[in-house]
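Engineer: Right, I'll just put the structure down here and ask away after.
Nothing in this text is a laboratory measurement; each read-out follows from the coordinates by a stated rule. These figures come from a predicted structure and were not determined experimentally. Positions of Cβ are backbone-derived with ideal geometry, glycine not excepted, and every protein chain shown enters the neighbour counts.
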Amino acid sequence: MIKIEAFSEFISGLSNGFMPIISSLPKEQYALIDLSITNKELNTVDISCARSFEQYIRKFLEVNDAQVAYGGYNEKRGIYKRSTHFNQQDVNKERNIHLGIDLWCNANTAVLSPLCGKIHSFNNNDNYGDYGPTIILEHQYDDVVFYTLYGHLTIDSLSKTMIGEEISVGDTIGYLGDADVNGEYAPHLHFQIIKDIQGNIGDYPGVSNKSDIAFYLQNCPDPNLLLKIY
Ligand SMILES: [Zn+2]
């Protein structure tokens with residue numbers, strides 16, 4: 001069993017360079033977006049409305065001459081305030097720190113597996129603000145087992161998916177859903193690496209509160225270690 005400290009290094013060693021995950025778009029088409037609470041621009045966007053958020057993303061891509069806006073690992077965000085799915089009565093338990101990487105791109109764009117593995121589980125997590133259709137892959141390299149999660153897909157992505165199905169590097173595992181199915185967000189992929197799935201099926205927390213963040217950052221290392229976008 002690999003030590004948690006060594007897991008990040010292990011993940012980093014699985015790729016030599018950039019790994020396409022959104023269609024086969026090259027990394028020159030990616031632009032880093034700041035969706036943290038420190039981005040004052042977001043104060044002018046109605047984040048409860050997927051359409052105005054989509055407009056914000058579209059404009060960002062246009063200005064940056066890019067097709068994918070990416071970022072968000074360990075990012076403290078204000079966009080979850082709109083949903084009770086993330087907010088409990090106790091403000092200290094408010095979940096607003098993002099644990100995966102988000103890749104914002106057009107709906108129906110193909111999502112490719114960066115690794116070989118098999119389908120662990122899938123589910124439509126259809127709470128407001130949740131992942132919507134979600135697929136989790138299980139990977140084994142030597143004696144190390146870990147998982148990757150793909151959230152905010154189309155409903156159709158799940159209908160063709162079978163538990164245990166083998167997946168090769170570069171296989172299309174689904175397509176980006178739109179706001180009608182993806183938890184009411186602008187279309188994007190939530191991609192997260194998970195060491196210990198903790199018994200979850202088709203779901204795993206993608207956002208943490210402050211008190212649990214140390215555990216989650218260890219269990220879910222920065223996806224860029226694998227994808228090497230920057
Ligand atoms: Zn996300």
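Engineer: Magnitude of the Cβ-charge dipole of the chain, K/R +1 and D/E -1, about the Cα centre, nearest 20 debye? Kindly include the intermediate steps, with their values, before the conclusion.
Structural biologist: Values: 17 positive and 29 negative charges, 94 e Å.
So the dipole magnitude of the chain works out to roughly 460 debye.
Engineer: Another one. Eigenvalues of the Cα gyration tensor times 5, then square-rooted: what semi-axes does that give for region 110-230, in whole angstrom, largest first?
Structural biologist: So the equivalent ellipsoid measures 20, 19, 14 Å along its semi-axes.
Engineer: Using amide H atoms built 1.01 Å from N in the peptide plane, name the residues 5+ places from Gly174, or on other chains, whose amide H lies under 5 Å from its own.
Structural biologist: Residues meeting the amide H criterion: Val111.
Engineer: Please arrange Ser113, Ser83 by counting, for each residue, the other beta carbons lying within 10 Å of its beta carbon, fewest first.
Structural biologist: Ser83, Ser113
Engineer: What is the distance in Å between the Cα centres of region 176-226 and region 44-61?
Structural biologist: One Cα centre to the other: 21 Å.
Engineer: If you split all Cα-Cα distances of region 143-213 into 10 Å bins from zero, what percentages do you get per bin, shortest first?
Structural biologist: 16, 46, 31, 6, 0
Engineer: Right, something else. Considering the alpha-carbon set of region 1-129 alone, what are its Rg and its Dmax in angstrom?
Structural biologist: Answer for region 1-129, Rg first and Dmax second: 16.9, 48 Å.
Engineer: Within region 117-205, which GluC sites (Glu not before Pro) sit in a loop by DSSP and count at most 14 neighbouring Cβ atoms inside 10 Å? Before the final figure, lay out each step's value.
Structural biologist: On the way: sites: Glu138, Glu165, Glu166, Glu184; in loops: Glu165, Glu184.
In loop regions of region 117-205 (DSSP not H, G, I, E or B), the sparsely surrounded GluC sites (Glu not before Pro) are Glu165.
Engineer: Ignoring solvent entirely, what values of log10 I(q)/I(0) come out of the Debye formula for the chain at 0.18 Å⁻¹ when each Cα is a single scatterer?
Structural biologist: Log-scaled intensity ratios, in q order: -1.50.
Engineer: Tell me, what HN-Hα J-couplings in whole Hz come from the Karplus equation 6.51 cos²θ - 1.76 cosθ + 1.60 at θ = phi - 60° for each residue of region 102-115, using x for Gly and Pro?
Structural biologist: 9, 10, 8, 7, 4, 4, 6, 5, 6, 9, 9, 6, x, 9
Engineer: Turning to a different aspect of this structure: In debye, nearest 20: dipole of region 99-230 around its Cα centre with unit charges on the Cβ of K, R (+) and D, E (-)?
Structural biologist: 240 debye
Engineer: Bins of 10 Å, beginning at zero and ending with the bin holding the largest distance: percent of Cα pairs per bin for region 116-161, please.
Structural biologist: Result, from short to long distances: 28, 47, 21, 4 percent.
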